[in-house]
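The values are calculated or read from the model by the stated rules, or taken from the named source; none is laboratory data. Bear in mind the structure is a predicted one, so any value in this text is a computation, not a measurement. Backbone-built Cβ (ideal geometry, glycine too); neighbour counts: all protein chains shown. We work out accessible area using only protein heavy atoms, side chains counted, and drop any ligands, DNA or RNA first. Shrake-Rupley method; radii C 1.70, N 1.55, O 1.52, S 1.80 Å.
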Amino acid sequence: MDHFIDLTLSGLSSGAVYAALALSLVIIYQATRVVNFAQPALALISVYIAYAVSQATGSYWLGFGAALASGLVLGAATERLLIRPVHGRSPLSAIIVTLGLLLVLQGLAGMIWSNEPHSFAYPLGFRGRFSASDWFALGSVGAAALLLFALYRFTPLGLRMRAAAFHPEAARLSGVRVGLMLTTGWAIASVIGALAGMLAAPPFIFPNVMDAVFIYAIAAAVVGGLENPFGALAGGMLLGLCLSYVSGYAGPELTTLAALAILVLVLSIRPDGLFSRPTARKV
């Protein structure tokens, strides 16, 4: 029983990281129908900036703030400079741009900070059955989800963002600056992605540290539904628990295969995701 409890707690902690990155992917997909393959690289650069700030100041929390600010700027700049010029062309154009940006940013990180792992501190203590860092991961992702819900549900900005995402032409006729709303959505998504990076990076940071997390985050987003931000959160937590049990009882080498099996199973049963309503398509 103790082993099961340990695996459950570990799954909740890792699931929070998958959920945060999946949420950032779903926010962008909802707004622009683009799967942002560059999201782990944007998070990676934000974490490296946090590492540089922490090394210079000796404060983890200054680095944490720098990571979130960097994510905001990087997300907005990516949408404005790279995605908007190709938006509306071939559906693959934006995806190819994000794939290229992923490779460029990972290479740039290796050039600036080297490909060698650098020690990266946990935000709080990491010892014990469910450490302070694990609680911080759950709490910070939960707080981000609540703030996002409040933004979408109770603020004029959230209403304009939803209008720009779902009915852009009608939003333009109503005076909404759709381009600005899309940029804002990318910025918010990248802030959440930077949070996921800060939670996933310890104890070492290197250019490919986010690759495995990104694979699981995509699986979580699909499991929860690419049209449902809070389904992505549930999908991330569910996937974290399942992979923790697989790792603990069958071996860690089977976790990637298990994630693929879960993804195939969900797509076979509910192609729109477990937490999304099936939509009819006009033909």
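Set the Förster distance to 30 Å, then compute FRET efficiency between Thr256 and His87 from the Cβ-Cβ distance, nearest 0.05.
0.35
Peptides 17-26, 49-58 ranked from most to least packed, by the mean per-residue count of other Cβ atoms within 10 Å: 17-26, 49-58. With all projection directions averaged, the alpha carbon convex hull of the range 208-283 covers 5.9 nm².
Provide the gained length on full extension for the span Leu274 to Ala170, in nm with one decimal, where the gain is 0.36 nm per separating residue minus the Cα-Cα distance.
Once the chain is fully extended between Leu274 and Ala170, it gains 34.4 nm.
Estimated purely from DSSP H runs of n ≥ 4, each contributing -39500 (n - 2.57), the mean residue ellipticity at 222 nm for the chain is -24500 deg cm²/dmol once divided by its residues. For the chain, just say rounded, prolate or oblate: build the C-alpha gyration tensor, square-root its eigenvalues into a ≥ b ≥ c, call rounded for a/c under 1.5, and beyond that prolate if a/b exceeds b/c, oblate if not. It is oblate, given that a/c is not under 1.5 and a/b is not larger than b/c.
Each residue of the range 231-236 was assigned a 3J(HN,Hα) from its phi angle through the Karplus expression (A = 6.51, B = -1.76, C = 1.60, θ = phi - 60°), giving x, 5, 4, 5, x, x Hz with x at Gly and Pro. The phi-based Karplus calculation (6.51 cos²θ - 1.76 cosθ + 1.60; θ = phi - 60°) puts the 3J(HN,Hα) values of the range 9-17 at 5, 5, x, 5, 5, 5, x, 4, 5 Hz, whole numbers, x for Gly and Pro. Using a probe of 1.4 angstrom and keeping all protein chains present, the accessible surface of the chain works out to 49 square angstrom per residue. A Förster distance of 45 Å, applied to the separation of the beta-carbon atoms of Arg33 and Met1, puts the FRET efficiency at 0.50.
Note on Asp2: accessible area is roughly 100 Å² with a 1.4 Å probe, heavy atoms of protein only. Name the shape class, rounded, prolate or oblate, that the alpha-carbon gyration tensor gives for the range 1-103, where a ≥ b ≥ c are the square roots of its eigenvalues, rounded holds for a/c under 1.5, and otherwise prolate holds if a/b is larger than b/c and oblate otherwise. Cα axes put the range 1-103 in the oblate bin.
Residues in the range 200-215 carry Karplus couplings, in order, of 8, 5, x, x, 9, 10, 7, x, 9, 5, 8, 4, 5, 4, 5, 4 Hz; the curve used is 6.51 cos²θ - 1.76 cosθ + 1.60 with θ = phi - 60°, and Gly or Pro positions show x. Between Ala56 and Ala150, take the C-beta separation as r, use R0 = 41 Å, and let me know the FRET efficiency to the nearest 0.05. FRET efficiency, Ala56 to Ala150: 0.75. Our summary gives the range 106-167 a relative contact order of 13 percent, counting only alpha carbon pairs under 8 angstrom and 6 or more residues apart. Net charge around Thr184, counting only other residues with Cβ within less than 12 Å of its Cβ (Lys, Arg = +1; Asp, Glu = -1)? Net charge around Thr184: +3.
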